[in-house]
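Here is the structure we will look at.
Please treat every number below as a calculation from the coordinates, not as lab data. Computed from a predicted model, the values in this text were never measured in an experiment. Virtual Cβ from ideal backbone geometry, glycine too; neighbours counted across all protein chains shown.
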Amino acid sequence: MRLKKLFAAPLLLMITCVWSPAQSPQSPSSQPDTTGTPDLIVNTDLLSHQWVVRDEKLDATACSVEEGGITPGTRTIVRFTVETPNLGDADIVVGDPNVHVANNDGLFEFAQCHHHYHFRHYALYQLIDPATGFVWKAAKKGFCMLDTDPVPTANGTEPPRSSQFRNCGAIGIPGNQGISHGWADTYRFFLGGQYFVLDGGDGQPVVPPGTYIIRITVNPPYTPTAGEPCRFLEGVDANGQQICHQLPESNYSNNVGEVLITIPDHPGKTGVGPAAGAAAKEDFDEHDNKIPN
């Protein structure tokens, strides 16, 4: 299939948060398509081609270290890429984070370290021991939805439209977030927070060598906390608790992607895995933007 062939290409180039005019310019008359319903999936094929286990020095000033409660220094980690295509027939339209914060609608929260707003409940990263079911969580806290990578439309015959969403925004600086259908939002393995700590440096148990599952859930279900709105209700669980999502979709059952990885005993600084030897940019946050000092 054409879609699978595109997803198998490793190490695609990253698009920055502020779009260059030379890259797929948007027509002035172009408008978001909201006539259908979005449908987010996880690109498991790309995930299987872009992960690495290695020893890496994590600086105390890195936001992922601060937000994840990680002891700085040389840590054994597994890095991985997460791409979430929108294969539905409508765009995900979020718009300017500043407007959502002003309206107190529960979509964004302020990230002190990053000095901007983070979308809440966009993706859940989990490392799972298949033998015991024990779950570790990644250090990544913040997300910003953009059109970063074009993908074929669902029927695989039409080229993707020009991108719609190109700017994360910041406090007092308007942004325009979302994911057009026929586009994907991608977080490359070398960026800030795209890892699990394996050696106990995050306060969780040491992950012993062996085979594990990386599970990514996009637009994950959540149970609202006190004062938190349920934006899109999927249903209720056996205890009568609401099962909610931040974004509307035509299908919530295809939001999980899993791949098997092998964690060695001594991966070294070069690392083990398909992305071994690639340099990290831990002082960059989502979509390759350098974190301000």
If I go through the stretch 85-109 residue by residue, how many of them are assigned to a strand (DSSP E or B) and touching a residue at least 12 places away in the same chain (Cβ under 8 Å)?
7
Pairs needed: first member in the stretch 38-51, within 24 Å of ASP89 (Cα to Cα); second member anywhere, part of a helix (DSSP H, G or I) and of a type in the set (Phe, Trp, Tyr); C-beta distance under 7 Å; at least 6 residues apart or different chains.
ASN43/PHE7; ASP45/PHE7; LEU46/PHE7
Could you list, in sequence order, all residues of the stretch 239-272 that are more than 15 Å from TYR222 (Cα to Cα) and either in contact with a Cys (Cβ under 7 Å, 6 or more places away or on another chain) or of a type in the set (A, V, I, L, M, F, W, C) (or both)?
VAL259, LEU260, ILE261, ILE263, VAL272
Hey, any hits in the stretch 80-94 for a residue that's out of contact with any helix residue (DSSP H, G or I) (no Cβ under 9 Å at 6 or more places or on another chain), charged (D, E, K, R) and crowded, with 17+ Cβ neighbours inside 10 Å?
yes
Under the condition of being part of a strand (DSSP E or B) and charged (D, E, K, R), which residue from the stretch 210-235 is surrounded by the most Cβ atoms within 10 Å (Cβ to Cβ)?
ARG215
Tell me which residues, restricted to the stretch 49-75, are polar (S, T, N, Q), outside any loop (DSSP other than H, G, I, E, B) and surrounded by fewer than 24 Cβ atoms within 10 Å (Cβ to Cβ).
THR74
